[in-house]
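Heads up, the thing below is written out as structure tokens.
The values are calculated or read from the model by the stated rules, or taken from the named source; none is laboratory data. Owing to the predicted nature of the structure, the values given are computational and were not obtained by experimental measurement. Cβ placement follows ideal geometry from the backbone for every residue including glycine, while neighbour counts extend to all protein chains displayed. Just so you know, the surface numbers come from the protein's heavy atoms only, side chains and all, with ligands and any DNA or RNA stripped out. Shrake-Rupley method; radii C 1.70, N 1.55, O 1.52, S 1.80 Å.
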Amino acid sequence: MATYVVRRVLQSIPILLGITVLTFLLAKAMPGDPFTMLLNPGITEADLERLRGIAGLKAPPHVQYWRWLVSLLQGNLGMSISFNQPVATIIADRLAPTVAIGIGSLLIGLILGVLFGVISAVRKYTLIDTVFTVGALAGISAPTFFMGLLAIKYLSIGLGWFPSSNLVTPGLNAPFPYNYLDVAHHLVLPTMVLGVASIGSMARYVRSGMLDVLSQDYVRTARAKGLSERVIVYRHALRNALIPVVTLLGLSLPGVVGGAIITEQVFSIPGLGRMSYLAVLRRDYPLIMATTVLFAVMTVLGNLLADLGYAWVDPRIRYD
Amino acid sequence: MALPEQDVREIGALQGHRVEVETWGRIFWRRFRRNRQALAGCAVLLFLIAISVGAPWIAPHDRDYADLTKIELPPSREHPLGTDQIGRDNLTRLLYAGRISLLVGVVAVAVSISIGTLLGAVAGYVGGWVDNIIMRVADIILSFPLLVLLIVLASIIPPAIPSHYATMAVIGFVSWPGVARLVRGEFLSLREREFVEAGRAMGAGTNRMIFRHMLPNSVAPLIVSATLGVAGAILTESALSFLGLGVQPPLPSWGNMLTDALTWRVLAMKPWLWVPPGIMIFVAVMAINMVGDGLRDALDPRLKND
């Protein structure tokens, strides 16, 4: 097992390196650079050249990449050009809202998705199954930005139940528990919107897994023994039907930190998704590199966890 | 495993029966027809295609004609979905947007299916270091944050290229790894089958083996993947265009018709401008997903006996 993990980590190194090289090339291939994107009409070409020199953008590309890689290995993500702050600080500042939304929506998806999926499978081909199946399909078919806009229009502007954007109420100086509640209140809508898509895909997964399992011999044996339907479904079948869900959870890991660019944009949440979008628009190379590396590491880690988790919940599978 | 049609006939004949064999297409149609959701999806999809293709004939106004005396009018008899910020008829633009959005979805998938099938087939059939390189590149692309990659690629493509072509290319190019994995998996299992061995023993070359013998045997999962892929591509296009990085106005797409809803005034006061295109995206994607699910249920060999 330990050797398996070590081997997988070693195997991922060339992929991660490939990602950094490709990101670097693509970022450089975009027209413009961080300083032309500042759009300061008073700036002269000589000033631009000087700024590029300071930021190290005048060195040949392979030298720039090498410098970036060396400092990354020393644990330094560099300075963001457009924010004028260390990249690590910017990411640390924006991690919390993104992770909160990511985990929240994943939990909504997990709980309601499993519930709907199980009910659908147990009552297969009934009206309730049709309702849930069509509902799940609707969940994965609805564009998140449209759901977000509808939520703002009707739940926020219309009914006034939730704030429409941002993370805190401006000018609110509430004491300890209330300031956190205020943030939570702001996070409800984006989390719900992302959760809907999550419920849809989870319910579809669980339904087909349950249908598979319910037709297996050991379920028939359990029925023949006279066990109650409840015990059969929740104690015997569900456990096995949830095995693929472990994989799905592992694969959702990069999404949690990758940030929902669109959702954060719609709700103006200052998170990682919005940051990575701005990084690209502003040609902020160090920030673009850091975003992709973070996401890629999470992807590799998520895949590894998915495989390990699979072996852990299903003893029939062994890795060596 | 089902026996080939001819074998079934011969065995039947030996036993003195006349055997009726259902062709593959018949089996497919019999199952697909029973699936009400898939049929409903088909009907909706055909309707959407019809009004999009027919847009030049059924649209009430000119696509880009801006009447600055009639800005942001609410729905009326003359403008059933009102007018936009510069006085263009919203219903007309919605119909034309369907052409662009559906076309981008289909062409993007055609691109990704072509690249993915070719690379996946080569990887699965040839194996060895070729397989290794192709699949590592696929891994790399799959480990990118998708939207960031799309945004970067969209800004690299020179502005001289029409934005809807650029969007098709970009979406198609980032979506091939999934297809390649699928085709490679099919090929790995087909490679062990007797007909492939027989073909090779008879001296068929690599090209012939891949395109004449193995690809036709992997068509079913590819059709399903392509159909569901179109739904995904339409969603991706709408998101990119919504952010202002996909299809560019004055060319309308369902996604870019929603961009203005990011301003509070339009969002709160002018719902006729952004709700209809949003509903169109949802309905189109839902219909295509229903058809895709129906195709999968009808084509999936694991469900043969129901």
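Let me check I've understood the local charge: for residue A:15, count other residues with C-beta under 13 angstrom from its C-beta, Lys and Arg +1, Asp and Glu -1. What total comes out?
+1
From the phi angles alone, apply the Karplus equation (6.51, -1.76, 1.60; θ = phi - 60°) to the range A:8-16 and give each ³J(HN,Hα) in whole Hz, x where the residue is Gly or Pro.
Listing the rounded values in order: 4, 5, 4, 5, 7, 4, x, 5, 4 Hz.
Given H placed on each backbone N at 1.01 Å, which residues far from residue A:79 in sequence or on other chains put an amide H within less than 5 Å of it?
A:87
What shape does chain A take by its C-alpha gyration tensor, where a ≥ b ≥ c are the square roots of the eigenvalues and a/c under 1.5 counts as rounded, a/b above b/c as prolate, and the rest as oblate?
oblate
By average Cβ neighbour count within 10 Å, what is the ranking of A:310-318, B:102-110 from highest down?
My ranking of the peptides, most packed first, is B:102-110, A:310-318.
For residue B:70, list the lysines whose Cα falls under 27 Å from its own Cα; do not include residues on the same chain fewer than 8 positions away.
Straight-line reach from residue B:70, under 27 Å: A:153, B:270.
So between residue B:188 and residue B:132, what do we pick up on full extension, going 0.36 nm a residue minus the alpha carbon distance?
In short, 18.8 nm is gained.
So, R0 is 41 Å and r is the distance between the beta-carbons of residue A:223 and residue B:17; what FRET efficiency does that work out to, to 0.05? It would help to have the intermediate numbers written out before the result.
Numbers: r = 38 Å, r/R0 = 0.92.
Computed FRET efficiency for residue A:223 and residue B:17: 0.65.
Stokes-Einstein at 20 °C, 1.002 mPa s, Kirkwood radius from Cα pairs: D for the range B:220-304 in µm² s⁻¹?
151 µm²/s
Test of the criteria: in the range B:31-106, which trypsin sites (Lys or Arg not before Pro) are in a DSSP loop and have at most 13 other Cβ atoms within 10 angstrom of their Cβ?
B:77
Can you give the accessible area per residue of the range A:95-313, in Å², using a 1.4 Å probe?
Values: 9810 Å² over 219 residues.
In whole numbers, the range A:95-313 has 45 Å² accessible per residue.
When each pair of different Cα atoms in the range A:156-287 is counted once in the 1/r mean, what is the Kirkwood radius in angstroms, to one decimal? Kindly include the intermediate steps, with their values, before the conclusion.
Values: mean 1/r = 0.0540 Å⁻¹.
By the Kirkwood definition, the hydrodynamic radius is 18.5 Å.
Mind grabbing the base-10 log of I(q)/I(0) for the protein assembly as shown at q = 0.08 Å⁻¹? Debye formula, identical points on the C-alpha positions, no solvent, two decimal places.
Ignoring solvent entirely, the Cα scatterers give -0.68.
Mind jotting down the three principal axis lengths of the range A:109-154 based on Cα atoms? Whole angstrom, largest first.
For the range A:109-154, the Cα extents along the three principal axes come out at 36, 20, 17 Å.
Counting only protein heavy atoms and rolling a 1.4 Å probe, how much accessible area do A and B lose on contact, total for both sides, in Å² to 100?
3600 Å²
Give the lysines reachable from residue A:124 as a straight Cα distance under 29 Å; neighbours fewer than 8 places away on the same chain don't count.
Candidates past the 8-residue exclusion: A:225, B:304.
Per residue of the range B:107-115, in order, report the coupling 6.51 cos²θ - 1.76 cosθ + 1.60 (Karplus, θ = phi - 60°) as ³J(HN,Hα) in whole Hz, putting x for Gly and Pro.
5, 4, 5, 4, 5, 5, 5, 5, 4
I'd like the residues of the range A:149-164 whose 1.4 Å-probe accessible area shrinks by no less than 30 Å² going from the isolated chain to the full set of protein chains.
Residues of the range A:149-164 that lose at least 30 Å² of accessible area once the other chains are added: A:149, A:153, A:157.
How about residue A:28: which lysines have a C-alpha closer than 21 Å to its C-alpha, ignoring those fewer than 8 places off in the same chain?
Partners found: A:58.
Can you bin chain B into rounded, prolate or oblate? Criterion: square roots of the alpha carbon gyration tensor eigenvalues sorted a ≥ b ≥ c, rounded for a/c under 1.5, prolate for a/b above b/c, oblate for the rest.
Because a/c hits 1.5 or more and a/b fails to exceed b/c, chain B counts as oblate.
Starting from one equal scatterer on each C-alpha and no solvent at all, send me the Debye-based log10 I(q)/I(0) for the range B:111-229 at q = 0.12, 0.20 Å⁻¹, two decimals.
-0.50, -1.05
Could you give the nm distance between label points at residue B:197 and residue B:156, where each point is 7 Å from its Cα heading toward the beta carbon?
Inter-label distance under the simple model: 4.4 nm.
Please give, to one decimal in nm, the separation of the simple spin-label points placed at residue A:66 and residue B:28, each 7 Å out from Cα toward the Cβ.
For residue A:66 paired with residue B:28, the spin-label model returns 5.6 nm.
What FRET efficiency do you get for residue A:157 and residue A:201 if R0 is 35 Å and r is their Cβ-Cβ distance, rounded to the nearest 0.05?
0.75
Please work out the average accessible area per residue across the range A:20-73, using the 1.4 Å probe convention, and give it in Å².
Numbers: 3280 Å² over 54 residues.
Result: 61 Å² per residue.
Where the only charges are on Cβ atoms (+1 Lys, Arg; -1 Asp, Glu), what is the dipole of the range A:129-249 about its Cα centre, to the nearest 20 debye?
Using Cβ point charges on Lys, Arg, Asp and Glu, the range A:129-249 gives about 420 debye.
From the phi of every residue in the range A:244-249, what ³J(HN,Hα) in whole Hz does the Karplus formula 6.51 cos²θ - 1.76 cosθ + 1.60 yield, where θ is phi - 60° and glycine or proline is x?
After applying 6.51 cos²θ - 1.76 cosθ + 1.60, I find x, 4, 4, 4, 4, 5 Hz.
At a 1.4 Å probe, what is the % contribution of carbon and sulfur to the accessible area of the range A:143-213? The partial results should precede the final answer.
On the way: 2280 of 3450 Å².
Carbon with sulfur: 66 percent of the solvent-accessible area.
How far apart, in nanometres, would the label points at residue B:283 and residue A:46 be if each is projected 7 angstrom from Cα along the Cα-to-Cβ direction?
Inter-label distance under the simple model: 6.3 nm.
Residues of the range B:97-183: accessible area per residue at 1.4 Å, in Å²?
In whole numbers, the range B:97-183 has 37 Å² accessible per residue.
Compare each residue of the range B:126-160 in its chain alone against the assembly with all protein chains, and report those whose accessible area goes down by 30 Å² or more; 1.4 Å probe, heavy atoms.
Buried on complex formation: B:140, B:143, B:144, B:145, B:147, B:148, B:151, B:152, B:155, B:156.
Roll a 1.4 angstrom probe over the protein heavy atoms and tell me the percent of accessible area of the range B:77-183 that is carbon or sulfur.
73 percent
Compute accessible area for the range B:257-291 by itself and then with all protein chains, 1.4 Å probe, and report residues whose area falls by 50 Å² or more.
When all protein chains are present, B:267, B:274, B:282, B:286 each give up 50 Å² or more of accessible surface.
Which chymotrypsin sites (Phe, Trp or Tyr not before Pro) in the range B:12-85 sit in a loop by DSSP (not H, G, I, E or B) and have at most 11 other Cβ atoms within 10 Å of their own Cβ?
Hits after loop and neighbour filter: B:65.
Taking Cα pairs under 8 Å and at least six residues apart, what relative contact order does chain B come out at, in percent? Before the final figure, lay out the partial values.
Details: 420 pairs, mean separation 71.7, N = 306.
Computed value for chain B: 23 percent relative contact order.
In whole percent, and with a 1.4 Å probe on the protein chains, what portion of the accessible area of the range A:20-73 is carbon and sulfur?
Taking all protein chains in place, the range A:20-73 shows 70 percent carbon and sulfur surface.
Let me know the Rg and Dmax you get for the range A:20-73 when you use only its Cα atoms, in Å.
Reported Rg and Dmax, both Å: 12.5, 38.
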